Amino acid sequence: MASDAAPRRTIVDQTGYRASYVERPERIVSLVPSQTELLFDLGLADRLVACTRYCLHPAEARQRLTVIGGTKRLDVAAVTALAPDLVIGNKEENDKETIEALRAASPTWLSDIADMPTALAMIDTIGELCAAQHAATDLAARISERWTSLPDGGGRSVAYLIWRKPFMAVGTDTFIDDVLVRLNWRNVFADRSRYPQTSAEELAKLAPDLTLLSSEPYPFTATHVAELEEAVGVGRTVLVDGEMFSWYGSRLLAAPDYFDALMASIDLPRPHAGRPS
């Protein structure tokens, strides 16, 4: 752990929490898969000491680092024993009580991502926190530029499902909804907040042009596509890579190419409505 005499600065995280952090943390713990990938891509691999078992990218993360549980079920004692200079988490991904316990023992910074601006702000701030500002600023600028030329979804109505038994969809006040809007897709659950429950019967009534089954957190498969299409009987159901829609770190740079390929693979009549002005 950094010396108590090390230069420090006070930074407010994206939840409004104010804390003092060392200017150059040498022992960093990441509690979120997308932010773990970001830290590696910012060149901070040698300063990371721990991550979760869901930190799949890069593949070396779980091989090199101490694994401290899942995003919701973290081993607080194991994290504290590592004497981190900085713990980086997320308001939605991590359990509130766990974060409070971590804050009592270690400098802990939380992101709170609802849209692209907050995602880019998170990247910039993590660069500041970890003394990697140049790399973070460059990455955020490249992401921002790449996202100015997304494919046009033609105003199609979309239901994005993240869970089964019960079915759960994506509503407003979520990063995924912001992505859907930027792709010019109309979320049929835009009248509901966060992650509302739904059913095959309701989906049949809403009659979305597209029902997107995410690869995470529930691992939907081709079998589920067939089951849902038979139950709903309208529109088309498609498996999608949930990481491309919901990972708000450096994966954002690759997401537009994925969206290009996804839309090219969806053979549907183009609606009359164009992209809203």
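The values are calculated or read from the model by the stated rules, or taken from the named source; none is laboratory data. If you're wondering where the values come from, they're calculated on a predicted model, not measured in any experiment. All Cβ positions, glycine included, derive from the backbone under ideal geometry; neighbour counts span all protein chains shown. Surface accessibility is based on the protein's heavy atoms, side chains included, excluding ligands, DNA and RNA. Shrake-Rupley method; radii C 1.70, N 1.55, O 1.52, S 1.80 Å.
Results, tabulated for the structure shown:
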read-out: Formal net charge of residues neighbouring Q14 (Cβ-Cβ distance under 10 Å; K, R +1; D, E -1); value: -1
read-out: Per-pair calculated FRET efficiency, R0 = 25 Å: E229 and D260 via Cβ, rounded to 0.05; value: 0.55
read-out: Cysteines, the chain, no other Cys beta-carbon under 4.7 Å; value: C130
read-out: Stokes-Einstein translational diffusion, the range 67-126 - Kirkwood Rh over all Cα pairs, 0.692 mPa s, 37 °C, in µm²/s; value: 271
read-out: Residue-normalised accessible area of the range 22-137, given per residue in Å² at a 1.4 Å probe; value: 40
read-out: Mean projected area (nm²) of the alpha-carbon convex hull when the range 1-91 is viewed from all directions; value: 5.8
read-out: Which of H57, T80, T211, positive extreme of dipole for the chain (C-beta unit charges); value: T80
read-out: Relative compactness, the range 141-234, computed as alpha-carbon Rg over 2.2 N^0.38 Å; value: 1.11
read-out: From the C-alpha gyration tensor of the chain, square roots of 5λ in Å; value: 37, 20, 16
read-out: Carbon/sulfur fraction of accessible area - the range 113-170, other protein chains in place, 1.4 Å, %; value: 58
read-out: 12 Å beta-carbon shell around L102, net charge (K/R +1, D/E -1); value: -2
read-out: Rounded percent of accessible protein surface that carbon and sulfur make up, the range 1-66, 1.4 Å probe; value: 45
read-out: In the chain, lysine pairs closer than 23 Å at Cα, eight or more apart or cross-chain; value: 4
read-out: Net charge contributed by nearby residues that have their C-beta within less than 15 Å of A131 (K/R +1, D/E -1); value: -2
read-out: Pairwise FRET efficiency - D138 versus D75, Cβ, R0 = 35 Å, nearest 0.05; value: 0.50
read-out: For the chain, share of DSSP beta bridges that run antiparallel, in % to the nearest 5; value: 30
read-out: Cα-projected label distance for R194 with A104, points at 7 Å along beta-carbon direction, nm; value: 2.4
read-out: Shape of the range 92-189, Cα gyration tensor, a/c cut at 1.5; value: oblate
read-out: Convex hull projection area averaged over all views, the range 52-92, Cα basis, nm²; value: 3.2
